[in-house]
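Worksheet: one structure, shown below.
Readers should treat all values here as calculations from the given coordinates under stated rules, not as data from a laboratory. None of the values given here were measured: they were computed from a predicted structure. Glycine also receives a Cβ, built like all others from the backbone with ideal geometry; neighbour counts cover every protein chain displayed.
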Amino acid sequence: MKKLRIPLAMAAAATLTLTACGGGDGGASTNAEGETLSVWIMQGTNPDAEAYFDEVKTKFTEETGATLDVQFIQWAEAHDRFVTSIAGGTTPDVAETGNTWTGEFADAGALAPLDEYVTAANLDGDLVEGLVESGTLDESLYGMPWYAGVRSVIYRTDIFEELGLEVPTTWDELVDVGLALKEAKPEMTPFAIPGDNGYAAYPFIWGNGANLATKEGDTWTSGLTSPEAREGLEFYTGLATEHGLSSAGATTWNAKDILDNFVQGNLPMAVMGSWEPPAILEQNPDLEGKIGAFPIPGPDGNISPSFLGGSHLSVFESSENKDLAWAFVEMMATGELADKWAEQTNYFPGQTSLLEDAVASDDPLVKPFATQFVEGGTSVPVTPQWGAVEAQKTLPAMIQSILSEQKTVDQATEDAAAEIEELLNGN
Amino acid sequence: MSAPPTDLAPPRNTRGGVSPRTKRKLTMSTARPWLLLAPALLVLAVLLLWPLLRVVLFSLQDYGLREIVSGRSNYIGFDNYAEIFADPMLWQVVLPNTVGFAIVAVGGTVVFGTLVALLLASLSRGWRTVVSSCIMVAWAMPAVTGTYVWIWLFDADRGLINGILLGTGIIDDPQNWFTDRWSFYAIVVLNIVHHGFPFVAITVLAGLLGVSKEMIEAATVDGAGAFRRFFQIIFPTLRPVFAVVIILSTIWDFKVFAQIYLMPGGSGSNRSVLNLGVWSYVESFAQNRYGLGSAIAVLLTLLLLVVSVLYVRTLFKEEK
Amino acid sequence: MSAPAPTRSRASTPEVIPQRRPRSPRARWILAAKALAVAALLVFTLFPTYWMVSGAFDARASSGAQSLLPSEPTWENFRYVLDEGGFGTFLKNSVIVALLTVLASGILALLASVAVARFKFKFRTAILMMILIIQMVPLEALVIPLFVQVRDLQLLNSLLGLVIVYVAFSLPFGIWMLRGFVAAVPEELEEAAYIDGASWGRMFWSVLLPLVAPGLVATSVFSFITAWNEFIFALTFMDNADNYTVAVGLQQFFGENSNQWGYVMAGSTLITLPVMIFFILVQRRLSSGLVAGAVKG
């Protein structure tokens, strides 16, 4: 955090760094000589995770005497992995939990509340609100905000320049740009619509003024059947089925396939996460200087809201030395290491004082995302049950069935809405 | 390894009828088979019988993550079954997929395997060894690897099949073979038949080589054609062999899991390709509804038990 | 597939050297059809394997530019999966699991099959029936209770936990098959051993065991395949990459490298080869074992 320009925040950060170091030798936990802390981290967030965690390990051992055992878990199956380990009693001490799952695992009694630790570390009020909200269940915080990300459109600046294309700012322009790309670059897939990735579709539902589900009294109602949602989805899937901007293969693609194909130069633009540019450049250094990003346009200008995704660090109830576990969480989520992580991964830190700096960045690969983050960052319905909707793959199933023309938009949204309501209202 | 039995008296064979013996010896010879059986029975009891009972118990409960962690029970009677049977998914998707697929796959495997066995039997010895070794290669390929190879072959953008079809102009745009229920299952059938026919071929071949050649020669002299020879002589003689291969294939194909779960869309995002095994797994481990998942598993087991009863009856009939 | 009939008598007596008598046009036509059938069969059987191996050696497989012959042969894919993919660990784990499974299930099944084949006792038929029925239970249906069971035994996330489950799976088939082999050993041989003063254990080692060896080979193949190929239990039981067996290891690897077909095929080749070699080695014993066990049952 060397470039912090807000004096107050700097002071806060300085205190935090001190606390982070100090937190270690305060409690009885510090002398954890010989103990091992097991940690699960999601794979693929940081292209150079090994080097980063080597540093963390050394530091952690220096400060606490304990050794760190880091396992990398894939996003695609992390949810099932967590659930089995909770059921089997083989949970780690600390894990990175996706912010849509934290409530679910806390609800199952698997996570330890962190409020006391947060207060003791003077972090109250310095954590990013959206992440605190999704990490809270029944007034207790179970997930320490670690980092947040948002999806926008990543595009190939070289190709746009070559064809004299402008960044689209409305849905109509998006179609025009897509058609121009299709015309000029027939070997590329102008705008891939991944069937196995619901997050890429959310902006087109939200952007048209619809919601996924809202709670009234005790009942959740899904907005997917509203005319706005249907129109939005009609447009989104129509990019593939009507305008032919996607490919047949993309119907079963997930986020990883989008990344791979972008890296291989098959995609001129795609809805991708703010964390993905480093991975793109690492895997294909030739693209250096040739990629840019723009916020997902709204139907008639403005910005379509995009899912504010992110991760918490959670301490598991089964952990035998929770002080030691917290020492690790604090070390990772605040101060120098958190800043370094955010920088390496292009994620936004979960600590407000660090976030402000990131948002003010002028980096062309950060700024559009920051705009999207601030002006159009939205959360999925806040309930522990939302994890079940994700695990059921309700939205990917909906999109896939429309893309493969097995169902009409009306039918698919009706089925998905029924499933969402059933899951959220718990039968 | 034979530790328990060695310190007992030398065994007397009891099969030749019960000969008069002392009471002591009788105790020992009654104990020995049980001692020999004990380890196996213990393993079976702990890891198959008790779990089998438990899956039924789970299926009668609203068994979620909380229950599984705490071990508390939460009986709700037959609600899970009621939910499954009321779910149109079962009747429109899951059951037709499971049963239809099993019938096609078993038919395909057994017919193709038998044809291959007949072909092998007609080859000279050297060729037969070479060809059957090659067939083994298909059998030996693990299900997971085999599935990935088929996925690659049919991949929309990088697959050989689409490459050939596009190259020859049969299709104009790449086809995604995994989104359509029929083409999805066609690939699964191909995968299963490819992996399963060697077992049938090798087993039937071994049976064929044992068929009395005098009978076949006599039939040939009588002017019986190939088809008649097969159905009148070979098939009846090999009936037990066919019973075994048909029923084992049925069991394997009913519960196929990895070959579907690993395919694009197979783990839940393409609802139209779910089968009983995958449905049970997804309900259990993705939705934490272990009770409902267990009920689906029980349904699958019952379906198979019907087949098993047929198997057992056929076998015992043959023995008598 | 053409009618194999005319050569039937020759095929059934493999000892006879094929005569080189002049062939009628019909016989020649049949021969050609047969050659064609064999060729088609071999292509169908071997092509996926060929495609896998050739992809594994092709530097361009990942970019989707693979042709029928590897255009740029390379070991790079193998180097990557061994160095970065962790396949060395997966292979080691699977070898341990498979060998322990084969050994334990072989011993248990042999002892049990001697009991049911050589002794008459109360409930013998009941036990045989039970073994038969159990063999029909779809193991996939037992994932949930076995998961809980293995957790209660504190064996989740350990290779041993998988071994005991695989042993349980391969036992019924093993017992059923070995029963036929044990029953086929003439009792006179056993009695001769006793007359020579052998103990039961000695007789077991030097008379029974060698004679049922082909049956043991067949059951070993089955338990080996079960342990090597099994996917769903390994997927649910293991949550530490150090303990993955090959099937789960490959699935995990595929999740990270789903479009790098060269790597995926190199990994696939690595885990397929041991099974293939094993299969081809035991092939001959296997086929006799299969028939004897399954049919004479």
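Across region A:121-132, computed HN-Hα scalar couplings (Karplus, 6.51 cos²θ - 1.76 cosθ + 1.60, θ = phi - 60°) run 8, 6, 9, 3, x, 9, 10, 4, 4, x, 6, 5 Hz from first to last residue, x flagging Gly and Pro. On the basis of the beta-carbon distance and an R0 of 41 Å, A:Glu55 and C:Leu160 show a calculated FRET efficiency of 0.70. For chain C, the relative contact order is 28 percent, taking Cα pairs closer than 8 Å that sit 6 or more residues apart in sequence and dividing their mean separation by the residue count. Taking only the alpha carbons of region B:80-319, we obtain Rg and Dmax values of 21.0, 67 Å in that order. When shorter helices are ignored and each DSSP H run of at least 4 residues is given -39500 (n - 2.57), the per-residue value for chain C at 222 nm works out to -23000 deg cm²/dmol. Largest GNM mean-square fluctuation across B:Leu41, B:Leu165, B:Leu303, computed for chain B with C-alpha springs under 10 Å, falls on B:Leu41. Helices meeting the span-like rule in chain B (full DSSP H runs, Cα extent of at least 18 Å along the helix axis, mean Kyte-Doolittle score of -1.0 or higher): B:23-44, B:101-121, B:125-140, B:181-209, B:239-254, B:290-319. Residues of region A:236-254 with amide nitrogen under 16 Å from the 7 Å Cα-to-Cβ point of A:Asp158? Inside the label zone: nothing. Cβ-to-Cβ counts within 10 Å put B:Leu65, B:Leu37 in ascending order as B:Leu65, B:Leu37, the fewest first. For the peptide C:247-257, the mean number of other protein chain Cβ atoms found within 10 angstrom of a residue's Cβ is 5. In terms of other Cβ atoms within 10 Å, A:Glu173, A:Glu166 run from fewest to most in the order A:Glu166, A:Glu173. DSSP finds beta bridges in the protein assembly as shown, and of those with both partners inside it, around 75 percent are antiparallel. Please state the shape class of region A:339-378: rounded when a/c is under 1.5, otherwise prolate if a/b exceeds b/c and oblate if not, all from the C-alpha gyration tensor. Here region A:339-378 falls in the oblate category. When C:Leu211, A:Leu68 are sorted by how many other C-beta atoms sit within 10 angstrom of their C-beta, beginning with the fewest, the order is C:Leu211, A:Leu68.
Proximity of backbone amide H atoms, modeled 1.01 Å from N, is registered between A:Ala201 and no other residue at under 5 Å, excluding neighbours fewer than 5 places apart on the same chain.
If amide H atoms are built 1.01 Å from N in the plane of the peptide, which residues on other chains or at least 5 residues away come under 5 Å of the amide H of B:Gln61? Residues meeting the amide H criterion: B:Ile76.
Under the shape rule built on the C-alpha gyration tensor, where the axes satisfy a ≥ b ≥ c, chain C is oblate, since a/c reaches at least 1.5 while a/b does not exceed b/c.
Using the Cβ of A:Met269 as centre and a radius below 14 Å, the other residues enclosed give a net charge of -2, where K and R count +1 and D and E count -1. When shorter helices are ignored and each DSSP H run of at least 4 residues is given -39500 (n - 2.57), the per-residue value for chain A at 222 nm works out to -14000 deg cm²/dmol. Of B:Val188, B:Val144, B:Val106, which is the most mobile in a GNM of chain B whose springs link Cα atoms less than 10 angstrom apart? Of B:Val188, B:Val144, B:Val106, the Gaussian network model singles out B:Val144 as fluctuating most. Summarising the label geometry, the points placed 7 Å from Cα in the beta-carbon direction at B:Phe231 and A:Gln283 lie 5.7 nm from one another. What's the local net charge at A:Ala255, with K and R +1, D and E -1, over the other residues with C-beta under 11 Å away? Summing Lys and Arg as +1 and Asp and Glu as -1 gives -2. Zone of C:Ser24 (label point 7 Å along Cα→Cβ, backbone N under 20 Å): which residues in region B:191-225? Flagged as within label range: B:216-225. Taking a ≥ b ≥ c as the square roots of the eigenvalues of the Cα gyration tensor of the protein assembly as shown, is the shape rounded (a/c under 1.5), prolate (a/b larger than b/c) or oblate? Here the protein assembly as shown falls in the prolate category. A simple spin-label model places the labels of A:Glu216 and A:Glu320 5.3 nm from each other, with each point 7 Å out along Cα-to-Cβ. Take every Cα pair under 8 Å whose residues are at least 6 apart in sequence, average their separation, divide by the length of chain B, and the relative contact order is 26 percent. Under 5 Å between amide hydrogens, which residues at least 5 positions from B:Leu274 or on another chain qualify, with H placed 1.01 Å from N in the peptide plane? Close amide H contacts, sequence-distant or interchain: none at all. Between A:Gly34, A:Gly198, A:Gly143, find the one with the highest GNM mean-square fluctuation for chain A; connect C-alpha pairs within less than 10 Å. For chain A, modelled as a Gaussian network with Cα springs under 10 Å, the answer is A:Gly34. In this calculation the C-beta distance from C:Arg79 to B:Arg125 is compared with R0 = 35 Å, giving a FRET efficiency of 0.25. Sequentially through region C:179-195, phi angles give Karplus couplings (6.51, -1.76, 1.60; θ = phi - 60°) of 3, x, 5, 5, 4, 7, 6, x, 5, 4, 4, 4, 5, 4, 5, 5, 4 Hz, Gly and Pro residues having no value and appearing as x. Each other residue within a Cβ distance under 15 Å of A:Asn211 adds +1 if Lys or Arg and -1 if Asp or Glu, for a net charge of -2.
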